[in-house]
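Have a look at the structure below, then the notes.
The values are calculated or read from the model by the stated rules, or taken from the named source; none is laboratory data. Everything numeric in this text was worked out from a predicted model, so none of it was measured. Backbone-built Cβ (ideal geometry, glycine too); neighbour counts: all protein chains shown. Just the protein is used for accessible areas: all its heavy atoms, side chains included, with ligands, DNA and RNA removed. Shrake-Rupley method; radii C 1.70, N 1.55, O 1.52, S 1.80 Å.
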There are 2 protein chains.
Amino acid sequence: MSVLNFSSESALRIGKVRAQMAEAQLDAVLIADNANIYYTTGAMFRGYVYIPADGQPLIFVIRPIDLTGDDVVNIRKPEQITAALSERGMALPGVLGLELDDISYSDAERLRKAMGADCVCNCSALMKRARMVKTDAEIEAIRQDGLRQAAAYRQIPRVYQEEMTDIEFQIEIERLLRLEGCLGYYRTSGPLMEINMGSVLNGGNADNPTPYDFAVGGGGADTSLPVGADGRTMRPGTTVMIDMCGNFNGYQSDMTRVWRIGKISEQAVKAHEVSRDILRAIENMACPGVPVALLYDKAVEIARAAGLEEFFMGHRQKAMFIGHGVGIQLNEWPVLTPRSKDVLEKNMVIAVEPKFVIPEVGAVGVENTYQVTEGGLRCLTVFPEEIADLL
Amino acid sequence: MSVLNFSSESALRIGKVRAQMAEAQLDAVLIADNANIYYTTGAMFRGYVYIPADGQPLIFVIRPIDLTGDDVVNIRKPEQITAALSERGMALPGVLGLELDDISYSDAERLRKAMGADCVCNCSALMKRARMVKTDAEIEAIRQDGLRQAAAYRQIPRVYQEEMTDIEFQIEIERLLRLEGCLGYYRTSGPLMEINMGSVLNGGNADNPTPYDFAVGGGGADTSLPVGADGRTMRPGTTVMIDMCGNFNGYQSDMTRVWRIGKISEQAVKAHEVSRDILRAIENMACPGVPVALLYDKAVEIARAAGLEEFFMGHRQKAMFIGHGVGIQLNEWPVLTPRSKDVLEKNMVIAVEPKFVIPEVGAVGVENTYQVTEGGLRCLTVFPEEIADLL
């Protein structure tokens, strides 16, 4: 028998959701998306979280069947929710928020009918916005991730062997991460980010376009999963960019570092330094009140001034962002794009990843995860940024 | 520049989809789900596959941007699809199928508007039904998975060490699978099957209920991912049930085997033998024309006759199926439930997993993946079924 109750941390988060709900004039939201369930309850189950504008939120659990608690209602199907609300003397919502960007059309229709709401609104963006600014506990979870990810990254040179393929190398890195406590599983928003524990990109493979919205690509090991390592033997004169899973506790840190095999071209060395220059510039200008689009513009400006714009954020295929929020999911808000209207707020957590793809040589650049503080960016992924040698 | 054209295999599969479309009287389907994109094209990209009832199917690709081919149309957004159809002299569909169980409400609404169809129907079930009976190439892909999964499973006793935790053991098994070519990534249908590379269940942890529709559970390593190994040290007198990822090529085999540490209870030994008896009975009765519900009933009947019904398909929380289709996704049709109306057809591929959870000892039982042939079931996961010793 497991017991689930709303903690004070849950109350804090639900308060943030309610602030957004008030702005959108919703009577209630019914949450069904895994990431939002975890956000509001600190637990993962099959079911729903019902948050009325006023009154006690309720947790409706289908599975596991032994989950109980003062605010838990065990149900077999969502059609039982309204009766449970009525029993508790709670009004049925006239204007109901459902996560229309995250749940299937069929599930949304089923919930709409089950709840009998006059009007259904899309609360996906509202939830993303509530989650965009992190609580202290969330930031500490991501900081812990950063420490453990760094502990695993520190051991990377140890598992490299000459004539290894990129996939063999990735397998050993996966093992290092898992032994440090990495859960191995990535949560992303949207259905289009299929990958196993992240990306190890060697040499020219970094220039292979992918279907996914990752900053850099890779051809992948199989046509069914066309992203990341492609099985090539790692050769002198190339780089290996490592951007692997930082989920150790339900939250994620996002950190990329680059190693080299033998001597690499001066252009690649320079591009890596420009990436670090971009990070320093962004660290200097980023604080609450700064529009994220300015960060993007600054990054492009520095890359252009260095004569490296052609290789910035990809070469054959380019990503149109230089960073993104990170938390329960890898791709949270704000997204650092040129067109974003978002403005930095205190305690947002963002990954900034100015990367370059140098044909033949590979990808270079650094990605750090930062907390936005009044005093600027606080790095949560502390690890040497220089390109280190693998042999 | 990558080239994508419909192969003869794609034509075969699209033929099966069209047979279902004719029955549902659809003018066209617009496919957006990754598994269905892979099914109909043999490739994975961000975009859509448009299949009209008559005329040439088209592949609309957003990313990667360098994917071309005779039937490929590169677009930036789905709103460009109708113009491309008109340019080719193709009629716009009056009755359009969209995968309403698989794509988000927002995406479905966007596609409905973009296509301007008079009527949108849900084609998710139709696609599942088309994929339910496999082609020869699909069956061969799953057979290859079974061979490689068996090659990895054979090495499992080698990586076990006394006083290991279940997670440490799982990490070494993940590495074995990956070194054999496992892609590490699971495709499942629906959003509720979050797991990293499968399940290693030791001792009493097998009796911990989970939110997910897996046959047996496990408490998991973290509250954010409550399934599978929970970090316990593996002790004498317990079993380890290993049900790990069989995706080596976009298709998956599903195989479970059990090992023991020291001597286990007679009840557990007996239950494992009853699981094998159930498999033999199902192998004997399963052929085209047999309702899958009968397979379920037979399994329960044998478990009950052995006095083990209480432990069958879980103990504290029970699964209400004894098997499922398997292919691109782990949980395909048919699902072997007591209420299913499905009837076995030649070249369905099903995983059958009669499992028992014996409190304190752990999970026992065998899972095999089978091809349905005229002559009965053909096992695609050939590996010794006996409980083997880990020490």
Using only Cα atoms and rounding to the nearest 10 degrees, what angle (0 to 90) does helix A:8-24 make with the longest principal axis of chain A? 80
With the other protein chains left in place, how much accessible area per residue, in square angstrom, belongs to the protein assembly as shown at a 1.4 angstrom probe? 36
Compute the long axis of helix A:266-285 from its Cα atoms, compare it with the longest principal axis of the Cα atoms of chain A, and write down the angle in degrees, 0 to 90, nearest 10. 40
State, to one decimal in nm², a quarter of the convex hull surface area for the C-alpha atoms of the range A:194-323, i.e. the direction-averaged projected area. 9.0
Cα convex hull volume per residue for the range A:163-230, in Å³, equals 91
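Note the per residue figure in Å³ for the convex hull of the C-alpha positions in the range B:251-391.
Output value, Cα hull per residue: 102 Å³.
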Can you grab the distance from the C-alpha centre of the range A:73-138 to the C-alpha centre of the range B:232-267, Å, no decimals? 38
Quick one: work out the % antiparallel among DSSP beta bridges in the protein assembly as shown, nearest 5. 75
Inter-probe distance in nm under a simple model that places probes 7 Å from Cα toward Cβ, at A:E374 and B:A281: 7.2
Starting from 0.36 nm per residue, how many nanometres of slack lie between B:T165 and B:Q25 once their C-alpha separation is accounted for? 44.9 nm
Pop out the ³J(HN,Hα) list for the range B:177-188 in order, Karplus 6.51 cos²θ - 1.76 cosθ + 1.60 with θ = phi - 60°, rounded to Hz; leave Gly and Pro as x. 4, 4, 5, 7, x, 4, 6, x, 9, 9, 9, 10
Each label sits 7 Å from Cα toward the beta-carbon; between A:I65 and B:E87 the label points are separated, in nm, by 5.6
What is the packing order of peptides B:368-378, A:58-68, taking the mean over residues of other C-beta atoms within 10 Å and listing the highest first? A:58-68, B:368-378
Within 10 Å of each Cβ of A:220-232, how many other protein chain Cβ atoms are there on average? 5
Cα-based Rg of the range A:10-85 normalised by 2.2 N^0.38 Å, two decimals: 1.04
State log₁₀ I(q)/I(0) for the range B:92-173 at q = 0.13, 0.16, 0.24, 0.26 Å⁻¹ as given by the Debye formula over alpha-carbon point scatterers of equal weight, solvent excluded. -0.69, -0.76, -1.06, -1.14
Just to be sure I understand: if you take the accessible area of chain B alone plus chain A alone and subtract the pair, with a 1.4 Å probe, what total do you get in Å², rounded to 100? 4800
Square roots of five times the C-alpha gyration tensor eigenvalues of chain B, ordered largest first and given in whole Å, equal 41, 22, 18
For the range A:308-391, what log10 I(q)/I(0) values come out of the Debye formula at q = 0.23, 0.25, 0.26 1/Å, with one point per alpha carbon and no solvent? -1.17, -1.25, -1.28
Restricting to DSSP loop positions (anything but H, G, I, E, B) with no more than 14 other Cβ atoms inside 10 Å of their own Cβ, which GluC sites (Glu not before Pro) remain in the range B:137-212? B:E162, B:E163
Express in % the proportion of alpha carbon pairs of the range B:87-133 at distances exceeding 13 Å. 59
Stokes-Einstein D for the protein assembly as shown, Kirkwood Rh over Cα pairs, 37 °C, 0.692 mPa s (µm²/s): 121
How big is the antiparallel share of DSSP beta bridges in chain B, given as a percent to the nearest 5? 75
Please give the peptides B:5-13, A:43-51, B:317-325 ranked by average Cβ packing (other Cβ atoms within 10 Å per residue), highest first, as a rough proxy for protection. A:43-51, B:317-325, B:5-13
What Kirkwood hydrodynamic radius, in Å, does the range A:110-232 give when the mean of 1/r is taken over all pairs of distinct Cα atoms and then inverted? 17.4
Quick check on the range B:246-292: take the gyration tensor over C-alpha atoms, sort the square-rooted eigenvalues as a ≥ b ≥ c, and tell me if it's rounded (a/c under 1.5), prolate or oblate. oblate
Between the range A:180-208 and the range B:310-368, the alpha-carbon center distance in angstrom: 30
Roughly to the nearest percent, how much of the accessible area of the range B:90-134 is carbon and sulfur, given a 1.4 Å probe? 49
Can you spot the lysines whose alpha carbon is less than 29 Å from A:K77's alpha carbon? Ignore those fewer than 8 places along the same chain. A:K16, A:K113, A:K128, B:K128, B:K298, B:K318, B:K341, B:K355
Rg and Dmax of the range B:347-391, Cα atoms, in Å? 13.5, 42
Rg/Rh for the range B:221-278 to two decimals, with Rh computed the Kirkwood way over all alpha-carbon pairs. 1.05
Among A:K355, A:K77, A:K134, which one shows the biggest mean-square fluctuation in a GNM of chain A, springs joining Cα atoms closer than 10 Å? A:K77
Counting each DSSP H run of 4 or more residues in chain A as -39500 (n - 2.57), what helix-only mean residue ellipticity at 222 nm follows after dividing by all residues, to the nearest 500 deg cm²/dmol? -9500 deg cm²/dmol
Expressed as a whole number, the average count of other chain Cβ atoms within 10 Å around the Cβ atoms of A:105-112 is 6
Gained length - A:D136 relative to A:V95, 0.36 nm times residue gap less alpha-carbon distance: 11.6 nm
In the range A:1-112, what % of DSSP beta bridges are antiparallel (nearest 5)? 55
When each pair of different Cα atoms in the range A:266-310 is counted once in the 1/r mean, what is the Kirkwood radius in angstroms, to one decimal? 10.9
Please report, for the Cα atoms of the range A:9-53, the Rg to one decimal and the Dmax as a whole number; what are they, in angstrom? 10.1, 28
Please give the length that would be gained between B:D389 and B:K77 if that part of the chain were fully extended, namely 0.36 nm times their separation in residues minus their C-alpha to C-alpha distance (nm, one decimal). 106.7 nm
Whole-percent tail of the Cα-Cα distance distribution for the range A:56-130, cut at 15 Å, equals 61
Can you pull the one-decimal nm distance between simple spin-label points at B:S8 and A:E310, each 7 Å off the Cα toward Cβ? 4.4
Ignoring ligands and nucleic acids, what accessible area does A:C121 show with a 1.4 Å probe (Å², nearest 10)? 40
Going from the alpha-carbon gyration tensor of the range A:1-147, what semi-axes, largest first and in whole Å, does one get by taking the root of 5 times each eigenvalue? 23, 19, 14
